[in-house]
Amino acid sequence: MSSDRYFWLQQFLNLLTFGLWGKLGRLTHYAVDAVLISTILAGMRRSTGLTPSFNTERVSIGEGKEANKWIEKYLGVGEWVMDQSVAIAGSSGWFHRTR
């Protein structure tokens, strides 16, 4: 009975949101993946000094600056997540600093 009720609730939400309810999980999954990749790049940048190099010469002149701005914002999200993760881990009893 519970699974039947869940099915009808899911169908009702899908109807109310014009079919977007079924796509919400996929969109959330892609957003989390993008943040994780950005965080990995931020960790690489901090531990090794390596920074992703994007060749914007192939992009037209007006769009090159815009692309760089969006890339910096994207990488900034990873930096923020890395900062928050280090702060939380540092304040917990599960981790200690060795350096």
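All of the numbers you see were taken from the coordinates with simple rules; none came from a lab. Computed from a prediction, not measured in an experiment: that's the story for all the values here. Cβ placement follows ideal geometry from the backbone for every residue including glycine, while neighbour counts extend to all protein chains displayed.
Details
- Mean Cβ count within 10 Å, highest first, over the residues of peptides 90-97, 77-84: 77-84, 90-97
- All lysines inside 29 Å of Lys23 as judged from Cα atoms, apart from same-chain residues fewer than 8 positions distant: Lys69, Lys73
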